[in-house]
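Colleague: Below is one structure. I have some questions about it.
The values are calculated or read from the model by the stated rules, or taken from the named source; none is laboratory data. Since this is a predicted model, take the numbers as computed values, not measurements. Glycine gets a Cβ as well: all are built from the backbone with ideal geometry, and neighbour counts include every protein chain shown.
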Amino acid sequence: MADVYEEIPQSVMPTYARIPVAFVRGEGSYVYDSNGKRYLDGLTGIAVCGLGHAHPKVADAIARQASTLLHTSNLYRIPGQERLASRLCEISGMDNVFFCNSGAEANEATIKIARLYGHSRNCAMPHIVVADGSFHGRTMATLTATGNRKVQAGFEPLLAGFVRAPYNDVESVEKIAANNKNVVAVLVEPILGEGGIVIPDDGYLEALRGICDRHDWLLMLDEVQTGNGRTGKYFAFQHTSVMPDVVATAKGLGNGVPIGACLARGEAAKMLLAGTHGSTFGGNFLACAAANVVVDELTEGGVMDRAAELGERMLARFRDRLAGNNRVKEIRGKGLLVAVELNEPCTDLVGAAVDAGLLINVAADTVIRLLPPLTMSDDEADAMVDHVADLIDAMPGQTP
Ligand SMILES: *Cc1c(COP(=O)(O)O)cnc(C)c1O
């Protein structure tokens, strides 16, 4: 086993600036390191383990599937995949699902659907409207769609076929509609995740839906981070009256087993046919065994209502605890996507939190981002808020 006090071996490509700690096991809302130190998990592997660590039913389903059959390929029927697809369609009102292994791949499928849809309407150069500040993945198409230069720098030439608009700006999309006849779709996150938990104004998705309807564009939502109960509904769009044409999800769907999904409806659901897209691993027996349990647990146990309630509880406690702290710019969230934005960069808090036995994340340099388990107790939620507030209070520099 790797000793975390040694340098990370050069045999691992240094694509991540890793925090020098390694966990050896997890249970519920906690992970433990090799010294037995316990950490309250306010990140869940970036919105992945929404049901908490070592969830007994997920673990059991994985173990049983592993000793039965792991993989056969999509050249044959996979009953668990068929069940999972039906369940996701029932929950979302979408018509069909393509399974893959990650969020980037789920977005790749949305982009391919938009291009096929464009060509089906005799548009030779189909374009997709994407938003500044968005994050859609690290593949060439999804990093091009991403609205963050840091993600793109060095990887030019980027792909053609994307048009950018500021996030939460309906008028700029109207302008694009008036001037660019090659647009066939909009791809946006219902809430910016990596961009710093940016919640758009009420009516944003409705307005985009209206533009898409008027111009026969597809409304495509990246719910990789916001999906699977995170915001208190299965998908974030379900807080609105909007029905999208395409939805990408991943992260929380397998509670730690890699799986992604692209859901489509109406015309968009007719685009990907035999031979046009595929994935060796996508939707295999193992991934679907885990995801079926996740979907059942999320929809049957009141877990999503609880996530909404816990989110409100955390926001209220943060507002109380940090009232008058002049470092704090804004406290915001939806369900258990919770953010405390400061007036100054605070990436150092991540390491200070680890020392204090807490896992948090900082997005966009100044936004403390919490993505805790949907299954937390009230006490764990309160402890998390108090921990984070203490860390903010203890920041060096000007006293609040
Ligand atoms: C994490 C994320 C992705 C990329 O998912 P990967 O599984 O890392 O490829 C895409 N979109 C959003 C909104 C995300 O949060």
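Colleague: If you take the residues in the range 223-247 that are within 14 Å of the ligand (Cβ to nearest atom) and among the aliphatic types (A, V, I, L, M), which one is farthest from residue 312 (Cα to Cα)?
Modeller: 246
Colleague: While we're here: If the requirement is being modelled with pLDDT of 95 or more and buried (at least 21 other Cβ atoms within 10 Å of the Cβ), which of these qualifies: 119, 136?
Modeller: 136
Colleague: Taking the range 278-303, which residues are in contact with a helix residue (DSSP H, G or I) (Cβ under 6 Å, 6 or more places away or on another chain) and assigned to a loop (DSSP other than H, G, I, E, B)?
Modeller: Of everything in the range 278-303, just one residue is in contact with a helix residue (DSSP H, G or I) (Cβ under 6 Å, 6 or more places away or on another chain) and assigned to a loop (DSSP other than H, G, I, E, B), namely 283.
For (1) surrounded by fewer than 18 Cβ atoms within 10 Å (Cβ to Cβ); (2) within 25 Å of residue 365 (Cβ to Cβ); (3) at pLDDT below 95; (4) not hydroxyl-bearing (Ser, Thr, Tyr), each residue gets a yes or a no:
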position: 129; (1), (2), (3), (4): no, no, no, yes
position: 159; (1), (2), (3), (4): yes, no, no, yes
position: 214; (1), (2), (3), (4): yes, no, no, yes
position: 224; (1), (2), (3), (4): no, yes, no, yes
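Colleague: Residues being within 16 Å of the ligand (Cβ to nearest atom) and of a type in the set (Lys, Arg): count how many of those fall in the range 192-222.
Modeller: 0
Colleague: Output yes when any residue across the range 50-60 is closer than 26 Å to residue 386 by Cβ and within 16 Å of the ligand (Cβ to nearest atom), and no when none is.
Modeller: yes
Colleague: Out of everything in the range 20-53 that is without any contact (Cβ under 8 Å) to a residue 40 or more places away in the chain and among the hydroxyl-bearing types (Ser, Thr, Tyr), what residue ends up being farthest from residue 253 (Cα to Cα)?
Modeller: Top of the filtered list is 34.
Colleague: Take the residues of the range 125-169 that are more than 15 Å from the ligand (Cβ to nearest atom) and among the small types (Gly, Ala, Ser): which is nearest to the chain's Cα centre (by Cα)?
Modeller: By that ranking, first place goes to 165.
Colleague: Residue check: is residue 232 at pLDDT 95 or above, crowded, with 19+ Cβ neighbours inside 10 Å and closer than 29 Å to residue 140 by Cβ?
Modeller: No.
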